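Here the structure comes first, spelled out in structure tokens, and everything after it is commentary.
The values are calculated or read from the model by the stated rules, or taken from the named source; none is laboratory data. Treat the numbers as computed from the prediction; the structure is a model and nothing was measured. Note: ideal-geometry Cβ built from the backbone for every residue, glycine included; neighbour counts use all protein chains shown. Protein only, heavy atoms only, side chains kept; ligands, DNA and RNA dropped before computing areas. Shrake-Rupley method; radii C 1.70, N 1.55, O 1.52, S 1.80 Å.
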Amino acid sequence: MKAAPFNYVRAETLAQALDILAEHGEGARILSGGQSLAPALNLRLAAPELIVDIGGLAALRYISFAEGRLRIGALTRHIDLLRSEEIARHCSLLTSAVAHVAHPAIRNRGTIGGSLAHADPAAELPACMLALDATIVVTGPASERRIAARDFFLGVYETALRPGEVLTSIDIKGIGSSKTYGFAELARRPGDFAIVGLALAADRRGTTLSNLRLAFFGVGERPTLATLTAATLEGKAHLRQYLDAAQAALREELNPFADAHATIAMRRHLAGVLLERVLQQALETPA
């Protein structure tokens, strides 16, 4: 299929993009990397009247780290995250996760902001934002809003973005030497969407994890924070002794769906498998 006819404008500044969005309302769509929007256009799942291309806004492509705070511009590409020494040093969860995003051609063009705004429930980066307790920064015609990741993802391809707003950056606080991370996903083939995935972030002291956040993806309409499961492991030494209890809590807490790729029971089982693997990663990561 081919995309329905649309008009196109390449924004020179963020202010110009916001003005165009305000003028055209819901008939306009933002284009950043295009790796989600282009297929939707070709399948006519999206048929906007106007495409507003913000891909040339260099001010929205950056990675900065200072005083335990990581800031990432929305137009930072997946490949930029994958190659960043600062990301690998201070927030290796993102390095691990981005390596699983689709294929090199997609990673070379896709952006972190585009992935978050698209809000695919099987995508890696939304779950990472939840695990990292990130803040999503969006800019509208009148003001800037800061939205906690837990409040940003509302459902399948649905976010807290309002008409006329643009996702501009991601703010992650509390990055430090005590942090540890883990990431794993299961898919039928490398690059396929995850059947089940898990992103973990925690503070580590010896064999004890605190402030543990377990964000599952591919199991529901949005990434899911398994708070009850994390509570069974929080502050415990020798976590393997508590693994059975944690997996039992996880089976009760997760409410996955069934589809052509997996039954509900299979997704619950795989989630438990990933929980064990990712906990092991978090404890083995050099402090």
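Taking the Cβ of Leu228 as the centre, find all other residues whose Cβ is under 12 Å away and add up their charges (Lys, Arg: +1; Asp, Glu: -1).
Residues close to Leu228 contribute a combined charge of -2.
With a sphere of radius 13 Å drawn around the Cβ of His261, what net charge do the other residues whose Cβ falls strictly inside it have (Lys, Arg +1; Asp, Glu -1)?
Local net charge: 0.
First obtain the Kirkwood hydrodynamic radius of region 166-216 from its Cα pairs, then insert it into the Stokes-Einstein equation at 4 °C and 1.567 mPa s, and state the resulting D in µm² per second as a whole number.
99 µm²/s
Relative contact order of region 112-194: what whole-number percent is it, with Cα pairs under 8 angstrom and at least 6 residues apart?
30 percent
What is the distance, in nm, between label points placed 7 Å from the Cα along the Cα-to-Cβ direction at Arg89 and at Leu45?
3.9 nm
Based solely on its DSSP helices, what 222 nm [θ] is calculated for the chain when runs of n ≥ 4 H residues each add -39,500 (n - 2.57) and the sum is averaged over all residues, nearest 500 deg cm²/dmol?
-9500 deg cm²/dmol
Using a 1.4 Å probe, what is the accessible area per residue for the chain, in Å²?
Each residue of the chain exposes 48 Å² on average to a 1.4 Å probe.
If you wrap a convex hull around the C-alpha atoms of the chain and split its volume per residue, what is the figure in Å³?
Spread over its residues, the Cα hull of the chain gives 122 Å³ apiece.
Taking every Cα atom in region 98-149, find the radius of gyration and the maximum pairwise distance Dmax, and write them in Å.
Cα only, region 98-149: 12.4, 38 Å (Rg, Dmax).
Can you pull the percent of the chain's accessible area that's carbon plus sulfur, 1.4 Å probe, other chains left in place?
Solvent-exposed carbon and sulfur of the chain make up 51 percent of the total.
Which residues in region 247-287 place their backbone N less than 13 Å from a point set 7 Å from the Cα of Asp192 along the Cα-to-Cβ direction?
The answer is 259-263, whose backbone nitrogens lie closer than 13 Å to the label point.
If you scale each eigenvalue of the Cα gyration tensor by 5 and take the root, what three semi-axes come out for region 233-287, rounded to whole angstrom and sorted largest first?
Equivalent-ellipsoid dimensions as semi-axes: 25, 13, 7 Å.
Taking R0 as 30 Å, what FRET efficiency do you get between Ile79 and Ala237 from their Cβ-Cβ distance, rounded to the nearest 0.05?
Working from the Cβ atoms, E equals 0.15.
Summing +1 for each Lys or Arg and -1 for each Asp or Glu, what net charge is found among the other residues whose Cβ lies under 12 Å from the Cβ of Ile170?
Value of the local net charge: +2.
Quick one: Debye curve from the alpha-carbon atoms of region 153-287 only, equal weights, vacuum; give me log10 I(q)/I(0) at q = 0.09, 0.22 Å⁻¹ to two decimals.
For region 153-287 at q = 0.09, 0.22 Å⁻¹, log10 I(q)/I(0) is -0.29, -1.32.
Hand me the trypsin sites (Lys or Arg not before Pro) from region 155-242 located in a DSSP loop with no more than 15 other Cβ atoms within 10 Å, in residue order please.
Lys173, Arg188
What shape does region 28-183 have by the C-alpha gyration tensor, where a ≥ b ≥ c are the square roots of the eigenvalues, rounded means a/c under 1.5, and otherwise prolate means a/b greater than b/c and oblate the rest?
Here region 28-183 falls in the prolate category.
Relative to the longest principal Cα axis of the chain, at what angle does helix 14-24 sit, 0 to 90 degrees, rounded to 10?
70 degrees
Please report, for the Cα atoms of region 28-111, the Rg to one decimal and the Dmax as a whole number; what are they, in angstrom?
14.5, 45
Based on alpha-carbon centroids, what's the gap between region 183-205 and region 128-158 in Å, whole number please?
Region 183-205 and region 128-158 have Cα centres spaced 21 Å from each other.
Any idea what angle helix 243-253 forms with the longest principal axis of the chain, computed on alpha-carbon atoms, 0 to 90 degrees, nearest 10?
It works out to around 40 degrees.
Within straight cross-link reach of Lys236, meaning Cα distance under 18 Å, which lysines are found once same-chain residues fewer than 8 apart are removed?
Of all the lysines, those that pass the test against Lys236 - Cα under 18 Å, at least 8 places apart if same chain - are Lys179.
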